[in-house]
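Below you'll find the structure, written out as structure tokens, and then a few comments.
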Amino acid sequence: MATHLLRNGASSWLLKHCLSRHHTLKRCLSVTPSLDKKVSFNLSDIGEGIREVTVKEWFVKVGDTVEQFDNLCEVQSDKASVTITSRYDGKITKIHHSIDEIALVGKPLLDFDVLDEEGDEDSADSSSSSSDSSSSEAETAKPSAAAADSSTGGGRVITPATPAVRRLAKEHQLNLADVPPTGKNGRVLKGDILEYLGQVPPGTNIPHPTIAAKLQSQTAATAAAAAVPVPADRVEVLKGVRKAMLKAMTESLKIPHFAYSDEIDMSNLVQFRAQLQAVAKESGVPKLTFMPFCIKAASIALAKYPILNSSLDLASESLVYKGAHNISVAIDTPQGLVVPNIKNCQSKNIIEIAKDLNALVERGRTGSLTPSDFADGTFSLSNIGVIGGTYTHPCIMPPQVAIGAMGRTKAVPRFNDKDEVVKAHIMSVSWSADHRVIDGVTMASFSNVWKQYLEQPALFLLH
């Protein structure tokens, strides 16, 4: 009756005829504000960047009464199926999506009537109020004064919760004030206690919007107070070497790459190179590296397997076999990594190749490489080992059909022909070939010839 009168603007009559005469009545009505009992259950974020799901099955219908953690429905994303559970005790009043419809994250999935959740506590308050009012006027005045003192400062704080939740907390000897709430206006729910006890995974209970907004504002305030200056982002337009690399690698990754790797015992070549250092210095090569040997060995192997020194013409679906061995080498320069080539390696010896290589390195260092230095490359080698690493997966430079990359040479223990452990200088090599025209057998055979000349450097004397 009190609620009916209050809703029809008769609260003044109620106060005049009922509350003002509490000394003549044994019981009086408790006036409470009207409660907003409709709650929208929004689809929470289910992770992995998923923004929408398809409703596959409903386990409930309008009018059903459910409890917390009861199954509501099953939704299907593009990655997995997820069962959605209830976070309220209440009655379902509306379902927003039919089966096979799209539901968006953060939008209402269904509506709840949660009057029972909030009404239980209010009814309990009404009961205690009614029993209190049946006592004498003097006894009634004492709790009223105490309530006034409590509201003005220092009184005990009552944590909102239903009787069922209070009973659960009492069974586990918990102080409700210690349990982080996720319900409306700071109400502690059953799920909050279960999460506090570790019986459900952390984060199972999604905070009510009233709580989430408060936490978000607190987090923002804390972050603003402890904010550390962050350097601003900057935009750099690609140009020069990087712009050329963008175009070349975009074309390169259209090629189906075939990879092949092996190990080379460089022990004999280490000694052979040491014997040639003095002669190389007299010939104008201050320091003879392994790279000229690798280039010459590649040229010899290309003569035996010329398909690796070809280019693919897609328009006519044909191979163009190149007569010259113009072997491109990757060089690190102040402007970036560039790949000029040494022309006609098939007709040059190791010292001549070393001179041409040193000239390219010097022009790259000074930024004086010309377009002709990059033109007409037929095969590529990259010595990534000077930086570090062992195996890699080099990208083919179109229109070439193969490339090799050498790793760092390391001294490691190996067994010799007599099963004795000896010190060996081992270098790894990684090959990539265009699998549209180069098969695995051809690539492996080419690698074996290249390996033979590096492991038996005396064979270079024949070329």
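The values are calculated or read from the model by the stated rules, or taken from the named source; none is laboratory data. It should be emphasised that the depicted structure is a prediction, and the values quoted were computed from it without experimental measurement. We place every Cβ from the backbone using ideal geometry, glycine too, and count neighbours over all the protein chains shown. Just so you know, the surface numbers come from the protein's heavy atoms only, side chains and all, with ligands and any DNA or RNA stripped out. Shrake-Rupley method; radii C 1.70, N 1.55, O 1.52, S 1.80 Å.
A few points about this structure:
- Segment 239-338, accessible surface, carbon-and-sulfur percent (1.4 angstrom probe): 56 percent
- Euclidean distance between Cα centres, segment 271-288 to segment 295-342, Å: 26 Å
- Sites L197 and R234 - FRET efficiency at Förster radius 60 Å, r taken between beta-carbons, to 0.05: 0.75
- Remark: spin-label model distance K304-V421 equals 3.4 nm, labels positioned 7 Å along the Cα→Cβ axis.
- Sites L314 and D376, calculated FRET efficiency, Cβ-Cβ separation with R0 22 Å, nearest 0.05: 0.70
- Under-5 Å amide H pairs with C73, H placed in peptide plane, nonlocal only: F59, I84
- In plain terms, the chain from A244 to N175 could stretch by 18.1 nm, reckoned as 0.36 nm per residue minus the Cα-Cα distance.
- Per-residue 3J(HN,Hα) values for segment 91-102, derived from phi via the Karplus relation 6.51 cos²θ - 1.76 cosθ + 1.60 with θ = phi - 60°, read 10, 7, 10, 7, 10, 7, 9, 8, 4, 6, 8, 8 Hz in sequence order (x marks Gly and Pro).
- Pairwise Cα distances in segment 375-454 exceed 19 Å in 47 percent of cases.
- Modelled this way, with points 7 Å down the Cα-to-C-beta line, the labels at A359 and N448 are 3.7 nm from one another.
- Here's how it looks for Q68: its modeled amide H is under 5 Å from those of D89, which are all 5 or more places away or on a different chain.
- With all protein chains in place and ligands, DNA and RNA left out, the 1.4 Å accessible area ranks I50, I158 as I158, I50, largest first.
- Karplus-based coupling profile of segment 364-374, in residue order and whole Hz: x, 5, 8, x, 10, 5, 10, x, 5, 5, 9, with θ = phi - 60° in 6.51 cos²θ - 1.76 cosθ + 1.60 and x standing for Gly or Pro.
- Neighbourhood charge, 14 Å Cβ-Cβ cut-off, centred on L72 and excluding it, Lys, Arg +1 and Asp, Glu -1: -2
- Interchain or long-range residues, amide H under 5 Å from N42's placed H: L109
- Solvent-accessible area per residue, Å², over segment 269-337 with all protein chains present [probe radius 1.4 Å]: 49 Å²
- Nitroxide proxy distance, nm - points 7 Å out along Cα→Cβ at S368 and A458: 4.3 nm
- Calculated from backbone phi, Karplus (6.51, -1.76, 1.60) coupling profile of segment 410-415 in Hz, x at Gly/Pro: 10, 8, 9, x, 9, 8
- Heavy atoms of C345: accessible area, 1.4 Å probe, square angstrom to 10: 0 Å²
- For chymotrypsin sites (Phe, Trp or Tyr not before Pro), the sites in segment 359-396 that DSSP calls loop and that have at most 14 other Cβ atoms within 10 Å are Y391.
- At R0 = 22 Å, FRET efficiency that the Cβ-Cβ distance of S40 and I102 yields, to 0.05: 0.80
- Per residue, in Å², the accessible surface of segment 339-443 once ligands and nucleic acids are set aside, probe 1.4 Å: 49 Å²
- Computed extension length for Q346-D64: 92.9 nm, one decimal, from 0.36 nm per residue of separation with the Cα-Cα distance subtracted.
- Cα-only Debye scattering, segment 217-334: base-10 log of I(q)/I(0) at q = 0.17 Å⁻¹: -1.18
- The length gained on full extension between A324 and H435, counted as 0.36 nm times the residue separation minus their Cα-Cα distance, comes to 37.7 nm.
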